[in-house]
Amino acid sequence: MSDKRFKRDTRLGHLGRDPARFDGAVNPPVYHASTVIAPDTATFKASGRRRFEKGETVYGRFGTPTHQMLEDALSELEGGADTVALGNGLQAVVVALLTVAKAGDHVLLADSVYAPTRKFADQMLTSFGVEVDYYDPLIDGAGLDARIRANTVAVVLESPGSSTFEVQDVPALAAAAKARGVATIIDNTWATPLFFRPIEHGVDLSVQAATKYIVGHADAMLGAVTASDAWANRLRETVYTMGGFAGPDDVYLGLRGLRTMGVRLERHQASALKVATWLQERPEVAEVRYPALPEHPQHHLWQRDFDGASGLFSIVLAQPYAPAAVAAMLDHFDLFGLGASWGGFESLAIPSDPHRTATTWEAPGPVIRLHIGLEDPDDLIADLDAGFARLTRAAG
Ligand SMILES: *Cc1c(COP(=O)(O)O)cnc(C)c1O
């Protein structure tokens, strides 16, 4: 369904499907396959020697028709040439980095990247002889240009940044990198391809932790990398060489999640905006870091580049509340759960500790990250209201 006549929600219901190919079934079946039998010796021998065409089923590790349906759907949504489905979002980050970087190369990462991305870069990329460096996510094109060295091969972006939600000037940074022959990789999980299409803004590789909004129900783990034309072959080659794979049942859940992602995200956005606006008025809150709010420092960039905002943001408390006071708030919610991940139907509230090396993080109080789920926002506001009462009481 690459038919641009149709609007987003219409396409979400139809892409990554092919009833005629699958006996009329509305949903593609789940293929559990490792061995795939070749029709004759010549075909079998040939498949061992050449590069497989996308869409062929040769061996389970290289994907089945179930995988191809999700990969085609995500390529279409992200506006890329090819997508690989992977076991989780972190694996997608790793695959994107290994597609670009080798020993002797230099990689620049935004100081606000997802903490496990930082850990992979610091502990493993460096052990493979890749130099790793961090940059201020709010740097402009000239600032990035000044950080690029002769051996720089990749700039990693994440917009908005994990837990602190800085919005980057993606088109300017992608253009500055491209002018120096440097690839750009973005973690596009927060926006999903519905709200931001990085490849159209000049980015080379777009990563999704599909575990979040694509699966959308806090059950399956899934990741994906979508590549521009220039990087599509190297991406697939990397995955085939290192052995990256997503289980077919999880891929199926990703495909199913896509069907409702449009309506879910609209609701996440409307509720998050309502809750965030309410939080702005609370005396316990110094700042609500949600790009859709006009007061967000990079609201203009979000407005220029994005088509919407998802349900994840953070608040900075107005005082240096002790951990025990914050725990009194977070431990007793009726609705907000204390758990990692996000993008499911359920609301979450966790303490967050921004880690910085290229910049400094200064705030009047602790940071709490909220995921606004699909519950009624008035119930969520009441739950938060009671939480602030506990916080104030515990702070004495
Ligand atoms: C959760 C997350 C990931 C990792 O996804 P998993 O599926 O949990 O491995 C990567 N990037 C961002 C921004 C995330 O929030």
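The values are calculated or read from the model by the stated rules, or taken from the named source; none is laboratory data. As the structure is a computational prediction, the values presented were derived from the model and not from experiment. Every residue, glycine among them, receives a Cβ derived from its backbone with ideal geometry; neighbour counts consider all protein chains shown. For the accessible areas, the whole protein counts, side chains as well, though only heavy atoms, and no ligand, DNA or RNA atoms are used. Shrake-Rupley method; radii C 1.70, N 1.55, O 1.52, S 1.80 Å.
The label-point distance for Lys178 and Lys45, in a model that sets each label 7 Å from Cα toward Cβ, rounds to 4.6 nm. Amide H contacts for Phe313 (H built 1.01 Å from N in the peptide plane; partners 5 or more residues away or on another chain; cut-off under 5 Å): Leu370, Ile372. Across region 328-340, coupling constants 3J(HN,Hα) worked out from phi with the 6.51/-1.76/1.60 Karplus curve, θ = phi - 60°, read 4, 6, 6, 7, 10, 5, 7, 10, 6, x, 9, x, 6 Hz, and Gly and Pro carry x.
Counting only aspartates and glutamates at least 8 places from Lys119 when in the same chain, those with an alpha carbon closer than 17 Å to its own are Asp111, Glu131, Asp133, Glu158, Asp187, Asp353. Translational diffusion coefficient of region 240-353 (Stokes-Einstein, Kirkwood radius from Cα pairs, 20 °C, 1.002 mPa s): 129 µm²/s. Projecting label points 7 angstrom from Cα along Cα→Cβ for Arg21 and Asp334 puts them 4.8 nm apart. Computed with every protein chain present, the accessible area of Val155 is close to 0 Å² [probe 1.4 Å]. Can you send over the solvent-accessible area of Ile199, 1.4 Å probe, protein chains only, in Å² to the nearest 10? Number for this one is 30 Å².
Helix-only mean residue ellipticity at 222 nm, the chain, DSSP H runs n ≥ 4 weighted -39,500 (n - 2.57), per residue, nearest 500. What is it?
Values: 13 runs with 146 residues, N = 396.
Mean residue ellipticity, 222 nm, calculated: -11000 deg cm²/dmol.
Between Asp376 and Glu295, what is 0.36 nm times their sequence separation minus the Cα-Cα distance? Round to one decimal in nm.
Gain in length upon complete extension: 26.7 nm.
Here the peptides 71-84, 382-395 are ranked by packing, the mean other Cβ count within 10 Å, and the order with the highest first is 71-84, 382-395. When nucleic acids and ligands are ignored and a 1.4 Å probe is applied, Arg304 ends up with an accessible area of around 130 Å².
Using a 1.4 angstrom probe, figure out how much accessible area the chain has per residue, in square angstrom, rounded to the nearest whole.
On the way: 16480 Å² over 396 residues.
Result: 42 Å² of accessible area for each residue.
If the Kirkwood radius is taken over C-alpha pairs of the chain, then at 20 °C and 1.002 mPa s the Stokes-Einstein diffusion coefficient equals 97 µm²/s. Near the amide H of Thr152, within less than 5 Å, lie the amide hydrogens of His106, all on another chain or at least 5 residues away, with H placed in the peptide plane. Our coupling estimate for region 342-355, obtained by passing each phi through the Karplus curve with A = 6.51, B = -1.76, C = 1.60 and θ = phi - 60°, is 5, x, x, 6, 9, 7, 9, 9, 9, x, 9, 10, x, 9 Hz, Gly and Pro reported as x.
The mean sequence distance of close C-alpha pairs (under 8 Å, at least 6 residues apart), as a share of the length of the chain, puts its relative contact order at 16 percent. Tell me, what is the FRET efficiency for Ala38 and Arg61 to the nearest 0.05, using R0 = 22 angstrom and their Cβ-Cβ distance as r? E between Ala38 and Arg61, to the nearest 0.05, is 0.90.
For the full complex of protein chains and a 1.4 angstrom probe, list Glu237, Glu200, Glu158 by accessible area with the highest value first. Before the final figure, lay out the partial values.
Values: Glu237 85, Glu200 120, Glu158 15 Å².
Heavy-atom accessible area, descending, gives Glu200, Glu237, Glu158.
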